[in-house]
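The structure appears below as structure tokens.
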Amino acid sequence: MAAIQGGMAEAVEIKDIKTEPPVDAVVNNNANDGSVLSASPGPGGSVGSTKPATGALEEKQTLLAILQFLKKNQLSESVDILRREAGLPQDLFDLKGADASSGSGGTPGTVEGGGLDANSLLSRVTSSSAAQAPVKAPPAEDQPDVSVVLSAYSQQGDPALYEVYYSGLKKFIETVLDCHRAELSQVFYPLFVHMYLELVYNNHENVAKAFFEKFSGDQECYYREDLQVLSGLTKKEHMRGNETLLDFRTSKFVLRISRDSYQLLKRHLQERQNNQIWNIIQEHLYIDIFDGMPRSKSQIDAMSGSLAGEGKREANKAKVYYGLLKEPEIELPLDDEDEEAENEEGKPKKKKPKKDSTGSKSKKQDPNAPSQTRIPLPELKDSDKLDKIMYMKEATKRIRLGRDNLPSICFYSFLNAYQGLTAVDFTDDSSLIAGGFADSSVRVWSVTPKKLRKVKSAADLNLIDKESDDVLERIMDEKTASESKLLYGHSGPVYGISFSPDRNYLLSSSEDGTVRLWSLQTFTCLVGYKGHNYPVWDTQFSPHGYYFVSGGHDRVARLWVTDHHQPLRMFAGHLADITCTRFHPNSNYVATGSSDRTIRLWDVLNGNCVRIFTGHKGPIHALSFSPNGKFLASGATDGRVLLWDIGHGLMIGELKGHTDTIYSLKFSRDGEILASGSMDNTVRLWDAMKAFDDLETDDFTATTGHIHLQDNSQELLLGCYTTKSSPVLHLHFTRRNLLLAAGGYNP
Amino acid sequence: MAEERRQKQCSVVLPTESMKAMAESVGVGQLQEDSCTALSEEVSYRIKEITQDALKFMHHGKRRKLTTSDIDNALKLKNVEPLYGFQSQEFIPFRFASGGGRELHFYEEKEVDLSDIINTPLPRVPLDVSLKAHWLSIEGIQPSIPENPPPAPKEQQKAESTEPLKVVKPGQEEDGTIQGKTQGAPAADGKGKEKGPIRLKPRSTHELSVEQQLYYKEITEACVGSCEAKRAEALQSIATDPGLYQMLPRFSTFISEGVRVNVVQNNLALLIYLMRMVKALMDNPTLYLEKYLHELIPAVVTCIVSKQLCLRPDVDNHWALRDFAARLMAQSCKTFSTTTNNIQSRITKTFTKSWLDDKTQWTTRYGCIAGLAELGPDVIKTLILPRLAVEGARIKAVMEGPVISNIDKIGADHVQSLLLKHCASVIAKIRPPPDNVEQYRIDYGYLAPMLCSHVMKARTQAAMQAQQVNRTTLTITQPRPTLSVSQSGLSASTGPRTPSIIKVPSSLTLMSPRPGTPSQPSPPATKYIVMGTSAGSASTQQVITINSSQSASTVTSTVPSATSTLQPLVKVEPGSGPTLPGSRPMQKYIVVSLPSSNSSMENKGSVIPTPISTTLEPTGKTDRSESPGASTQSPH
């Protein structure tokens, strides 16, 4: 976020403007209390907000830094003296990590405010990275080294030796036992990047270029995009304000390596006195050591690819209440349909508890479900209840899908859109379609014979008999009935669009940095939510309404409620643009996909990041929760769909087949089929049941979390339907399990 | 710099010369080499950065093409003022110029005459966005409707017929799977042997579903039935429906059997209907007809050369059928002839052989000549012209000799006008202007006087045409014409948004060699008139100038089979006089169809394209024969 602007100094100011201090501060402080992980909100969010509060901390930080420096240089007496004088207790030393994180905003203050040259600015960034880096103190040797606090890239090794060092390590890794080789090879990429950056930073331009030329070819192909960015960067001046670069420096690259392999590497580096590399490993890498068998190449490849390495194991340990909320008890008008519902029992249906509710045997609360009041949810209105009843009626007529019973697909083509269609959404009852366009307009269509009507004007409304039964009908202005309505208000392409569950509102997010709330009664804009100052790539209503989430170029996802103009929560942590946002079916969690190729799951209650999923090799453009809330599917520009188990925090499947960006994913209403729509003009159907079943037979409790993914995409692929030059932008299962797809026709 | 350029593309840097050029353009005279280097590196870096950001906007805009607006948005991200007014309707708007040792790419800005703009009719308002639903799949099966892509793409049909062992089922036609399977071969070697017998070519039963059988019945009945409206509908269906390939064998048998029977019974009407079916099949872009040529070509040839096609040869106009079939034949020669099947040379041989036979009837003779003549000016030049004298003598014998039979006389008459029609234009091209009847008599014998007058007429008309062409191009020049149909989608509101309703059929082209225009040193740029299709009349035309070298590729790439599909739709005006090469006047705009196969001929100007008047047939049809429905941007 900080990097978006040219220089750091500017950026700080901008941040101050950008974030709404009161709210943020609350959120972030909350977060710090809650869990370790949330203590790393992006450098930006916290810098701006918590700065004033940390005046006292700053000095302590500085002292700590000096202490550590002294200690590093074996000046133990000076250490003692200083400690005595400053009155710092011994144990504070060890708490350093925690300290730093709690005052993460304060870290920049460690550098004296005076000399604001580029050098110190850059080193600040690094220092804050050290501060927010993994705080659960890893084994002693992993403790971030002190020198980071001073300056990261200032060591002046002989530039010519870098190549030697690197190729030396390469040679070593090539000769180790096969079982370790794959694991140790992970070191190459971060090492390569940091060495290159060090060279560039120290103005060894030509050496850096040569270094890049020589070794960039060795890197894994999925880092190609980052390497391209890196290749453009050949001067120290470029390093200012380059986002990718800043990401690299502010976050530690996480590697998962088995203890054996790590020992091997450590021994080698120590034997060879290879301090250069060792320093980098200590300063910029976070090595997550596990006991057990080293992983195979394919296992590693499955999980790596993100901008900052794999997710840490601890990051995925938090308990996630992925169960569904109990549906409110609604008196279902008793009729013959009920019998059908009873017959279908035993099916893991989303709405099953609801049906039982009629029969007074109300089911016990799912142990994995959050308590009903974990987050306050809006009360059901009468109209919502009616809708629920409609839903149940429809649900009984639902087609049971499966391998032998594929859904029909109805494709809605947007004609004459001139490639300007950027976002599509359907209402849950499939009665309305909304499209967002590059020309800033939003259009709503009715796909049922019922036309769209506006509410009458205030003067006319006065004339209405308010006591009549059909007052809701009477307030509508028949003259305005039409099949589609046009909503103008944005000043940039509309990238995200979402209907509220009650079909009264529509959200749209745009390049102009705002999220707008539209009324579908009056077809006017009600609110423009300003908070993101940069393009907002996606927004979505919570399944229970009222809440919504948005995410955009500023790398922060925000949680809003419709009646506040400021966000309630800010989810910071992604290292690049947030490209898509989705609510968990129980509204307690939010998943965000990002250009940093990770998916994060955030807890709405406290703003914590509870899951980090890595494994995609490209920006993530589609997310979808399974209806039972247990699983998450994600699609990216690499054309792969990955399946995740939320409870265990594991990747559980990979679906290959698409040849271009996946823009849409949707589970069928019963979760049996996963549909994916892509830029390659195809809709593919996957056997989700099989994908999940296959897995549950595995030894799932393996603590290491290292899964063997079998390559069974072809078996799981149930169908592939090509459209006529229409990229598939959105998919939606109707309540009866008919699949609706939408896209613009681009001849 | 040199060594940098040799490096991989990832570290490409703008040349310092560019920096100098830019500095000069803003008035900085002498820029140090060092500053240039520093500048160029900085600029290159920034450009890359912006491009990378612009890519994000492209992805979120759900597009595959980066547009100028993406760049603008990326600039906005950086708090940089976007580049206003840089919306281009062409992919690469730059023009190239060199001279004085410098090479320059510049953005062409033409002076625009305001009165021209005011006087040109307003372009049509772009169509509004609309929503249309169709079934992409019904319970797992994709219906074969025009909204869906053809179930078996032409390539697959071809693969099926040429390499039956490699056939993959629809739905799994991913290249990846095939590759994956072959790569996994070593592992599955044992299995492979077991699978040996299965890998034999599967017997295809060609079973049609009930719906298909119904469709087949309806279509065939409509095609040969008495209701013309129904027939038109059926032919339209054959020409556009994407899912016909399974029925193709039935259709081809239907046609060949139908011709066989009806030739014996001399049922002219049915033969015409069948030929129209052939044409519709050939128009369908999704069908791989190659497999059925052995049935279709004999049927077509029969309709060209058969001795008798109707019950009353003296009254019925079977000549038109022969003409039509001959054009079909020529079209299939162009489309399907390869070095392996040698269709064209075999057909030519057949025609020539029976033409040379003295005992051949006049009807057959007519067919042979028509068939040959349709094959193009080269064939006329080498095969027909040398025999003009002989043929003339034969005609003379019938016309002026003792009356043998009325039928012979009619036949000879038709042959004569046919020869005149086709030969005049060729002769006009290969003979230098002074048209001397005596000279002609020496060369061409009996036909010479008429031929001579035809040639002269052709020349004068061509001259008039040239003038008219000049006028037309002047009047309809529009500010910035676009070739592509799709890319102008996001363009500004003025100018040709209309291209979305304009197709660029290669056949609808106009060559203006413009004799005596000195301003064109290089191979003359070809002018294309692009016909819009609104309610049958050409209401939107654009003249597009492209270097001929480019044009070849553009034309072929946009609408590969347009020529073949289009030609027979439009009638050649029968009684027109001799013409100059390339063009001739009509009452409206003149459109000339070029043979799609070779653009080189076009450059030499040795081709006589078949002149076609657009006013003869509704252009709606021509549009239909290409990508269906492009005119309204609807998928069918």
Worksheet item: How many residues are on the phi < 0 side of the Ramachandran plot, buried (at least 17 other Cβ atoms within 10 Å of the Cβ) and among the polar types (S, T, N, Q) when one looks only at the stretch A:439-465?
Response: 2
Worksheet, complete the sentence: Taking the stretch A:218-229 and the residues there that are more than 9 Å from every other protein chain (Cβ to nearest Cβ) and part of a helix (DSSP H, G or I), the one that is farthest from residue A:576 (Cα to Cα) would be A:218
Worksheet item: What number of residues within the stretch A:572-593 are more than 16 Å from residue A:497 (Cα to Cα) and of a type in the set (Phe, Trp, Tyr)?
Response: 1
Worksheet entry | Sole exception among (1) at pLDDT 90 or above; (2) crowded, with 24+ Cβ neighbours inside 10 Å; (3) assigned to a strand (DSSP E or B); (4) away from every other protein chain (no Cβ under 13 Å) for residue A:653, by number | (1)
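With respect to residue A:618, determine if the residue is under 16 Å from the mean Cα position of the chain (by Cα) and modelled with pLDDT of 90 or more. Break it down into steps so the answer makes sense when it comes.
Values: under 16 Å from the mean Cα position of the chain (by Cα): yes; modelled with pLDDT of 90 or more: yes.
Yes.
Tell me, which residue of the stretch A:626-650 that is within 14 Å of another protein chain (Cβ to nearest Cβ) and part of a loop (DSSP other than H, G, I, E, B) is surrounded by the most Cβ atoms within 10 Å (Cβ to Cβ)? Give the steps one after another, and end with the answer.
First, the residues of the stretch A:626-650 that are within 14 Å of another protein chain (Cβ to nearest Cβ): A:635-640.
Still in the running and part of a loop (DSSP other than H, G, I, E, B): A:637-640.
Working: A:637: 22, A:638: 20, A:639: 20, A:640: 20.
Taking the candidates together, the pick is A:637.
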Worksheet item: Would a scan of the stretch B:377-399 turn up a residue that is more than 19 Å from residue B:427 (Cα to Cα) and of a type in the set (D, E, K, R)?
Response: yes
Worksheet item: Restricting to the stretch A:400-411, what's the tally of residues that are more than 7 Å from every other protein chain (Cβ to nearest Cβ) and touching a residue at least 60 places away in the same chain (Cβ under 8 Å)?
Response: 5
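Identify, from the list A:294, A:190, the residue that is assigned to a loop (DSSP other than H, G, I, E, B) and more than 14 Å from chain B (Cβ to nearest Cβ).
A:294
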Worksheet item: So residue A:617 fits all but one of (1) in contact (Cβ under 8 Å) with a residue 24 or more places away in the chain; (2) farther than 23 Å from residue A:399 by Cβ; (3) out of contact with any Cys (no Cβ under 9 Å at 6 or more places or on another chain); what number is the exception?
Response: (3)
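Determine if the stretch A:302-313 includes at least one residue that is within 31 Å of the chain's Cα centre (by Cα), crowded, with 18+ Cβ neighbours inside 10 Å, assigned to a helix (DSSP H, G or I) and at pLDDT 55 or above.
The initial filter retains those residues of the stretch A:302-313 that are within 31 Å of the chain's Cα centre (by Cα), namely A:302-313.
Right, trim to crowded, with 18+ Cβ neighbours inside 10 Å and you get A:302-312.
Filter once more, keeping what is assigned to a helix (DSSP H, G or I): A:302-303.
So of that shortlist, the ones also at pLDDT 55 or above come out as A:302-303.
Within the stretch A:302-313, one or more residues are within 31 Å of the chain's Cα centre (by Cα), crowded, with 18+ Cβ neighbours inside 10 Å, assigned to a helix (DSSP H, G or I) and at pLDDT 55 or above.
Just to be sure before I move on: is residue A:387 surrounded by fewer than 21 Cβ atoms within 10 Å (Cβ to Cβ), under 32 Å from the mean Cα position of the chain (by Cα) and either modelled with pLDDT of 85 or more or under 30 Å from residue A:511 (Cβ atoms) (or both) in the structure I sent?
Values: surrounded by fewer than 21 Cβ atoms within 10 Å (Cβ to Cβ): yes; under 32 Å from the mean Cα position of the chain (by Cα): yes; either modelled with pLDDT of 85 or more or under 30 Å from residue A:511 (Cβ atoms) (or both): yes.
Considered against the rule, which asks whether it is surrounded by fewer than 21 Cβ atoms within 10 Å (Cβ to Cβ), under 32 Å from the mean Cα position of the chain (by Cα) and either modelled with pLDDT of 85 or more or under 30 Å from residue A:511 (Cβ atoms) (or both), residue A:387 comes out as yes.
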Discussion item. Being in a helix (DSSP H, G or I) and touching a Phe, Trp or Tyr at 6+ places or on another chain (Cβ under 6 Å): is that true of residue B:256 here?
Written reply: no
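Residue by residue, here is whether (1) in a helix (DSSP H, G or I); (2) at pLDDT 75 or above; (3) among the small types (Gly, Ala, Ser) holds:
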residue: B:424; (1), (2), (3): yes, yes, yes
residue: B:440; (1), (2), (3): yes, yes, no
residue: B:443; (1), (2), (3): yes, yes, no
residue: B:448; (1), (2), (3): yes, yes, yes
residue: B:457; (1), (2), (3): yes, yes, no
residue: B:471; (1), (2), (3): yes, no, no
residue: B:474; (1), (2), (3): yes, no, no
Worksheet item: Out of all the residues in the stretch A:402-416, which are modelled with pLDDT under 90 and surrounded by 24 or more Cβ atoms within 10 Å (Cβ to Cβ)?
Response: none
Fill in: Residue list for the stretch A:412-464, restricted to those being under 16 Å from residue A:497 (Cβ atoms) and away from chain B (no Cβ under 14 Å)
A:427, A:428
Worksheet item: Can you tell me which residue in the stretch A:673-720 is nearest to the chain's Cα centre (by Cα), limited to those that are modelled with pLDDT of 90 or more and in a loop (DSSP other than H, G, I, E, B)?
Response: A:679
Discussion item. Quick check on this structure: which one of A:544, A:565 is out of contact with any helix residue (DSSP H, G or I) (no Cβ under 8 Å at 6 or more places or on another chain), more than 24 Å from residue A:388 (Cα to Cα), not in a strand (DSSP E or B) and not hydroxyl-bearing (Ser, Thr, Tyr)?
Written reply: A:565
Worksheet item: Does residue A:670 satisfy being among the charged types (D, E, K, R), surrounded by 22 or more Cβ atoms within 10 Å (Cβ to Cβ) and under 20 Å from residue A:716 (Cβ atoms)?
Response: yes
Item to complete: Might you let me know whether the stretch B:313-336 holds any residue that is closer than 28 Å to residue B:409 by Cβ, among the hydroxyl-bearing types (Ser, Thr, Tyr) and out of contact with any Gly (no Cβ under 6 Å at 6 or more places or on another chain)?
Response: no
Practice prompt. Could you tell me which numbered condition residue A:537 fails, if it satisfies all but one of (1) closer than 21 Å to residue A:250 by Cα; (2) within 14 Å of another protein chain (Cβ to nearest Cβ); (3) outside any loop (DSSP other than H, G, I, E, B)?
Written response: (1)
Worksheet item: Given (1) over 20 Å from residue A:732 (Cα atoms); (2) buried (at least 22 other Cβ atoms within 10 Å of the Cβ), where does residue A:495 come up short, assuming only one miss?
Response: (1)
Item to complete: Could you pull out the residue among A:213, A:220 that is acidic (Asp, Glu), surrounded by fewer than 20 Cβ atoms within 10 Å (Cβ to Cβ) and over 20 Å from residue A:308 (Cβ atoms)?
Response: A:213
Item to complete: Just give me the residues in the stretch A:540-558 being within 14 Å of another protein chain (Cβ to nearest Cβ) and not small (Gly, Ala, Ser), in sequence order.
Response: A:553, A:554, A:555
Item to complete: May I ask you to list the residues in the stretch B:47-85 that are within 20 Å of residue A:435 (Cα to Cα), part of a loop (DSSP other than H, G, I, E, B) and more than 10 Å from chain A (Cβ to nearest Cβ)?
Response: none
Worksheet item: Just checking, which of A:519, A:510 is within 13 Å of chain B (Cβ to nearest Cβ), more than 27 Å from residue A:374 (Cα to Cα) and not aliphatic (A, V, I, L, M)?
Response: A:510
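Does at least one position in the stretch A:159-167 carry a residue that is over 20 Å from residue A:279 (Cα atoms) and buried (at least 19 other Cβ atoms within 10 Å of the Cβ)?
Just the residues of the stretch A:159-167 that are over 20 Å from residue A:279 (Cα atoms), to begin with: none.
The answer is no; no qualifying residue exists.
Restricting to the stretch B:135-150, name every residue that is within 7 Å of chain A (Cβ to nearest Cβ) and closer than 18 Å to residue A:743 by Cα. Can you show your working first?
Going residue by residue through the stretch B:135-150, those that are within 7 Å of chain A (Cβ to nearest Cβ) are B:135-140, B:142, B:147-149.
Hits for the stretch B:135-150 are B:135, B:136, B:137, B:142, B:147, B:148, B:149.
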Discussion item. Looking at residue A:609 and the list (1) of a type outside the set (Val, Ile, Thr); (2) surrounded by fewer than 23 Cβ atoms within 10 Å (Cβ to Cβ); (3) away from chain B (no Cβ under 14 Å), which single condition is not satisfied?
Written reply: (2)
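The values are calculated or read from the model by the stated rules, or taken from the named source; none is laboratory data. All of these numbers come straight from a predicted model, not from anything done at the bench. Backbone-built Cβ (ideal geometry, glycine too); neighbour counts: all protein chains shown.
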